[in-house]
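One structure below.
The values are calculated or read from the model by the stated rules, or taken from the named source; none is laboratory data. Keep in mind it's a predicted model, so treat the numbers as computed, not measured. Cβ: placed from backbone, ideal geometry, glycine included. Neighbour counts: every protein chain shown. Keep in mind that these areas ignore ligands, DNA and RNA; they rest on the heavy atoms of the full protein, side chains included. Shrake-Rupley method; radii C 1.70, N 1.55, O 1.52, S 1.80 Å.
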Amino acid sequence: MIKFFLLFLLSINLYASKVFNIEENFKKHDSSNYIYYIEDIQNRSTSKDILHSKKLNLAKNTHRGISTGAFWTRIKIHNTSNGFQDLVLFNSLAGTNEIDVYIYKNNKLIKKHILGDLRKQNQREILSRYSMFRLQLEKNEKVTILAKVKNYYLHNIGWDIQKNIDFLKSESNKLFIFAMLMGAVVLFALYNILAYKTYKEFSFFLIALN
């Protein structure tokens, strides 16, 4: 009887998905420990099939390598903080051709995002160098996010999850640093062009070209 009970508990744990909790002090997290996946070699599965499937495996490593079919992923997110959470989910590596995102709440599809490098920009909710979307959760709200990823080589099937305001600050800082570097390069090039015209030394012209 005890063995049967332990076997029953084990079977429950095998089918129970880990849930990613958004806690009060949440800032940013990689989803690799919470992403479940399956390879759809025949490309026949629908989002409803994946939503209820018990055949998905915990990824742990979101790098999958060469694929022969589409990959489906699933992650469950629960806002356990004391208030509203405004988040972004983004795939940190460029080069993924197609990512279809389905957001379910209480087994009902509430939103779909069309992402990936081969998709038109006007199909996206947010224009960015990443494949990304925004997720807003009320207190105690739970959602299940499915993604169908299609690419010959899969560098990353997971998501980075971050507060929207922190993401915007990070991107603004990166843009500012990039602008400063580009400005310095342009000024250095102009200086060497002027030096070439003044001193007629060809080395200044070569430095400007570089």
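Only lysines eight or more places from Lys139 in sequence, or on another chain, were considered; those with a Cα closer than 23 Å are Lys18, Lys27, Lys28, Lys76, Lys105, Lys108, Lys111, Lys112, Lys163.
Qualifying GluC sites (Glu not before Pro) in region 60-159, where qualification requires a DSSP coil assignment and no more than 10 other C-beta atoms within 10 Å, comprise Glu138. Tell me, what is the percent relative contact order of region 93-150, built from C-alpha pairs under 8 Å that lie six or more residues apart? Contact order relative to length: 45 percent. Karplus-based coupling profile of region 146-151, in residue order and whole Hz: 10, 9, 9, 10, 10, 6, with θ = phi - 60° in 6.51 cos²θ - 1.76 cosθ + 1.60 and x standing for Gly or Pro. Karplus-based coupling profile of region 49-59, in residue order and whole Hz: 4, 6, 4, 10, 5, 9, 9, 6, 10, 5, 6, with θ = phi - 60° in 6.51 cos²θ - 1.76 cosθ + 1.60 and x standing for Gly or Pro.
Sorting Leu135, Leu206 by accessible area (1.4 Å probe), largest first, what list results?
Leu206, Leu135
When both bridge partners sit in region 21-140, DSSP labels roughly 90% of those beta bridges antiparallel. Residues whose amide H falls under 5 Å from that of Leu135, counting only those 5 or more places apart or on a different chain, are Leu87, Val88, Leu89, with hydrogens built in the peptide plane. For Tyr34, the shell of other residues with beta-carbons less than 11 Å away shows a net charge of +3, using +1 for Lys and Arg and -1 for Asp and Glu. A protection proxy built from the mean count of other Cβ atoms within 10 Å ranks the segments 151-162, 106-117, most packed first, as 151-162, 106-117.
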